[in-house]
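Rule-based calculations on the coordinates, nothing more; no lab input. Small disclaimer: the values here were computed from a predicted structure and weren't measured. All Cβ positions, glycine included, derive from the backbone under ideal geometry; neighbour counts span all protein chains shown.
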Amino acid sequence: MATQALNIATLQDHIEPPVPGVPCLDVDPYSREVLSNPEPWYDTLRETGDIVWLSRYGCWATGRREHVHAIFTDWERFPSSPGVGLTDFRNGKPWRQPSLVLETDPPDHTRARKVLARVLSPGAVRKIRPVFADAASKMADRVVEKGEIDGMEDIAKAYPLQVFPDALGIEAGDREMLLDYGSMVFNAIGPLNEFLQADLDKLEKVGPWIAARCDPAALRLDGMGAEIYAAVETGELTAEEAPLLVRSFLSAGVDTTVNAIGNALLLFARHPDQWQVLRENPKLARRHAFEEVLRRESPVHTFFRTTNDSVDVAGIPLGDETKIMLCMAAANRDPRAFDEPERFDIQRHTADHVAFGAGIHACVGQVVARLEAEMVLTELAARVERIELTGEHVWRLNNSLHGLEKLPLKLHPA
Ligand code: OVM
């Protein structure tokens with residue numbers, strides 16, 4: 001198979017830590033068992049030590065909020081250009097051309113990020129607010145009318161797959177391909193296991209579809225995609241860079257919000273008291289409710305960095321050119337940073353969560369993510385008295401996304 005020639009990390013029997021006497025775990029965090037019920041793993045990782053050696057992959061890992069945040073905000077010692085997954089790009093050709101913004105360091109990163117930050121700025125996003133509000137209102141009417149729904153199909157996938165590609169300026173049709181691509185991009189943060197392999201088998205079909213959506217001819221003139229191409233006119237980007245930057249929207253902009261909205265629905269179904277709090281204070285949808293969802297059920301559980309120099313974390317020398325797993329989901333449940341971290345409380349001040357990362361690579365699309373969540377929660381809270389779980393929810397197994405496959409719900413109208 002073609003993927004055998006790719007440079008992607010795999011599960012190993014046992015790799016000794018570079019320093020003796022450090023805390024080690026021989027768990028495979030990418031096993032079916034862990035991915036379908038990750039919370040015990042998050043807790044084990046975080047409570048085993050400040051920084052822990054994972055012997056099955058030969059990398060470091062941390063689940064403590066303090067270290068996750070410190071490493072994210074220190075791009076000089078923990079760069080992103082060797083890739084932000086388990087695979088070190090310096091060992092061979094990556095599975096796709098590296099992202100101009102995710103998998104780069106300053107000064108290259110700075111230039112690409114500046115363009116994205118402008119297109120996705122609060123001011124720019126304010127302009128799309130009425131369109132997002134209208135779509136959410138219609139979606140909410142539809143699901144309330146239907147009553148018995150699958151929260152993933154009818155809300156969490158349906159809404160982002162409509163509003164985000166519309167805002168970007170890509171045509172309707174075959175948009176589920178965006179979920180296939182998202183799945184692939186996020187599985188590729190982890191090892192070449194059954195989950196990533198299954199996605200790479202679809203690459204021949206999905207890859208060209210994605211590339212065609214990044215072409216200037218395929219983008220509406222009034223969308224965010226066209227604004228990326230406008231940066232070629234001003235000399236900020238080259239003509240070769242623009243499609244690659246549009247690809248970042250398609251990589252990071254859909255599957256992430258799908259899972260975040262799905263996790264929100266699950267949490268509110270499980271915590272009807274918090275749904276009542278939201279209904280009584282709908283302004284909480286504007287910020288607090290979603291931030292608490294991101295903290296309590298983080299849709300992206302891990303990214304990696306690579307050591308640059310002989311750096312140490314909590315007094316442990318990590319060695320050059322070693323990968324470090326930053327488990328944001330574990331950090332967001334760190335009792336050292338959050339009071340009673342298990343408790344889902346939408347009135348809590350959760351500004352310290354690291355679900356969007358931190359530092360120069362912190363999620364550049366977070367304004368759009370928040371807008372989508374705010375609209376969905378606001379319109380549902382206005383119409384739904386109670387969200388009832390009517391069957392088993394099923395987690396979707398992915399190497400770095402934490403979201404649902406199936407979420408059977410009944411919406412009780414207000
Ligand atoms: C990208 C990108 C950006 C953020 C997240 C992401 C792994 C991809 O630029 O392709 O998901």
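Quick notes on this structure:
- Asp26/Ala230 FRET efficiency (R0 45 Å; Cβ-Cβ; nearest 0.05): 0.30
- The translational diffusion coefficient of segment 151-198, from Stokes-Einstein at 37 °C and 0.692 mPa s with a Kirkwood hydrodynamic radius over alpha carbon pairs, comes to 273 µm²/s.
- Proximity of backbone amide H atoms, modeled 1.01 Å from N, is registered between Phe303 and Leu326, Met328 at under 5 Å, excluding neighbours fewer than 5 places apart on the same chain.
- Cα-Cα pairs of segment 261-414 separated by more than 29 Å (percent): 24 percent
- Phi angles across segment 349-360 convert, under the Karplus curve 6.51 cos²θ - 1.76 cosθ + 1.60 with θ = phi - 60°, into 3J(HN,Hα) values of 8, 10, 4, 8, 5, 10, 5, 9, x, 7, x, 5 Hz, Gly and Pro given as x.
- Charge dipole (segment 45-165, unit charges on Cβ, about Cα centre) - positive-most of Gly92, Trp53, Pro106: Pro106
- Along each principal axis, Cα extent of segment 291-335, largest first, Å: 37, 20, 11
- Per-residue packing, averaged as other Cβ atoms within 10 Å, sorts the ranges 258-270, 229-241, 318-330 into the order 258-270, 318-330, 229-241, beginning with the highest.
- Dipole magnitude of the chain about its Cα centre (Cβ charges: Lys, Arg +1; Asp, Glu -1), debye to nearest 20: 900 debye
- Cα-based radius of gyration for segment 1-158, normalised by 2.2 N^0.38 Å, reads 1.41.
- Subset of Lys157/Lys283; Lys114/Lys323; Lys157/Lys406; Lys114/Lys157 violating a 22 Å alpha-carbon distance limit: Lys157/Lys283; Lys114/Lys323; Lys114/Lys157
- Based on the reciprocal of the average 1/r between different C-alpha atoms, the Kirkwood radius for the chain equals 21.8 Å.
- Separation in nanometres of the label points that stand 7 Å from Cα toward Cβ, at Thr238 and Thr44: 4.7 nm
- Net lengthening on full extension, Glu153/Lys127 (0.36 nm per residue, minus Cα-Cα): 6.6 nm
- Between Asp352 and Arg270, the contour length at 0.36 nm per residue exceeds the Cα-Cα span by 27.1 nm.
- Each label point was placed 7 Å from the Cα along the Cα-to-Cβ direction; for Asp309 and Leu11 their separation is 3.8 nm.
- Note on Ser137 and Arg286: the model spin-label points, each 7 Å out from Cα along the C-beta direction, lie 1.8 nm apart.
- Largest-first principal axis extents, alpha carbons of segment 41-106, Å: 36, 26, 17
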